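A short worksheet on the structure shown next.
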Amino acid sequence: AQSVTQLDSQVPVFEEAPVELRCNYSSSVSVYLFWYVQYPNQGLQLLLKYLSGSTLVKGINGFEAEFNKSQTSFHLRKPSVHISDTAEYFCAVNPSYNTDKLIFGTGTRLQVFP
Amino acid sequence: DTAVSQTPKYLVTQMGNDKSIKCEQNLGHDTMYWYKQDSKKFLKIMFSYNNKELIINETVPNRFSPKSPDKAHLNLHINSLELGDSAVYFCASSQGASGGYEQYFGPGTRLTVT
């Protein structure tokens, strides 16, 4: 069975600093990988996704993620964060052989301080 | 234009009651979902419908019954509400039922059972 681990439940960072949110997954088959963001009191919004091809994926709001098959990781990065990036970030996997079922990690709360 | 809408946004009710949450999407998508987000922000899929047909039914008590009158609507009816049903429920939709499609989420319905 597939699972997703987000090692950090909270990541505090100062504005304009770089940030990395970690995500590891376990799967014996190929997967599709996603990062979603949830701003306070809102639904989830897609940041970026990896389906195939280049392992470095660029998303919205200056975020990017790198797929590392050997380490089964899909870490999210941003070189310089803003106050407005404060939100909950979810990594998710979708077994490529299966239908549309998304399995989410437990989320990482990114708190950006001025 | 709201892509995925849910009503109501907040729902406070007593144990034992029956309640419904409505969801509508105007994106022309074929697939719709219900997710439950608990107090620790953990997101878990409950149901998925493709073209009004149930394709994912996770281990959810049969007090929960989804109904899809047409492709644009997926409602969630809950019988005999329990304290543990308190959560935020998200509706989502996607273009297709195979993996890799972005899911678009509604704003959520916060259900509080007292």
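Counting only DSSP beta bridges whose two residues both lie in the protein assembly as shown, roughly 90 percent are antiparallel.
For the protein assembly as shown, the solvent-accessible area of protein heavy atoms averages 48 Å² per residue (probe radius 1.4 Å; ligands and nucleic acids excluded). Computed from the C-beta positions of residue B:51 and residue A:42 and an R0 of 25 Å, the FRET efficiency is 0.35 to the nearest 0.05. With contacts taken as Cα pairs under 8 Å and at least 6 residues apart, chain A reaches a relative contact order of 37 percent. Here chain B exposes an accessible surface that is 47 percent carbon and sulfur, computed with a 1.4 Å probe and the other protein chains kept in place.
The packing ranking, built from the mean of other Cβ atoms within 10 Å per residue, places the peptides B:99-110, A:49-60, B:75-86, A:21-32 in the order B:99-110, A:21-32, B:75-86, A:49-60, highest first.
Rank by packing, highest mean first: peptides B:88-95, B:65-72, with packing defined as the count of other Cβ atoms within 10 Å averaged across residues.
Going from most to least packed, we get B:88-95, B:65-72.
With a 1.4 angstrom probe, the accessible area lost at the A-B interface totals about 1800 Å².
The mean count of C-beta atoms from other chains within 10 Å of the C-beta of residues in B:86-96, rounded to a whole number, is 1. The aspartates and glutamates whose alpha-carbon is closer than 16 Å to the alpha-carbon of residue A:101, local same-chain residues fewer than 8 away aside, are B:30, B:53, B:58, B:102. In the range A:66-114, burial by the other protein chains removes 20 Å² or more of 1.4 Å probe accessible surface, compared with the chain on its own, from A:88, A:90, A:99, A:100, A:101, A:102, A:104, A:106. So for the protein assembly as shown, considering every pair of alpha-carbon atoms, how many percent are separated by more than 24 Å? Of all Cα-Cα pairs in the protein assembly as shown, 44 percent lie more than 24 Å apart.
Please find the FRET efficiency linking residue A:71 to residue B:2, where r is the Cβ-Cβ separation and R0 is fixed at 35 Å, and quote it to the nearest 0.05. All intermediate terms of the calculation are to be shown ahead of the outcome.
Working: r = 39 Å, r/R0 = 1.13.
Computed FRET efficiency for residue A:71 and residue B:2 comes out at 0.35.
With a 10 Å cut-off around each Cβ of B:100-107, the average count of Cβ atoms from other chains is 6. Averaged over peptide A:33-43, the number of partner chain Cβ atoms lying within 10 Å of each residue's Cβ comes to 3.
The values are calculated or read from the model by the stated rules, or taken from the named source; none is laboratory data. Note that the structure is predicted; figures quoted are calculated from it, not measured. Using ideal geometry, Cβ is built from the backbone for each residue, glycine included, and neighbour counts are taken over all protein chains shown. Each accessible area value is taken on the protein alone, full model and side chains, heavy atoms only, with ligands, DNA and RNA left out. Shrake-Rupley method; radii C 1.70, N 1.55, O 1.52, S 1.80 Å.
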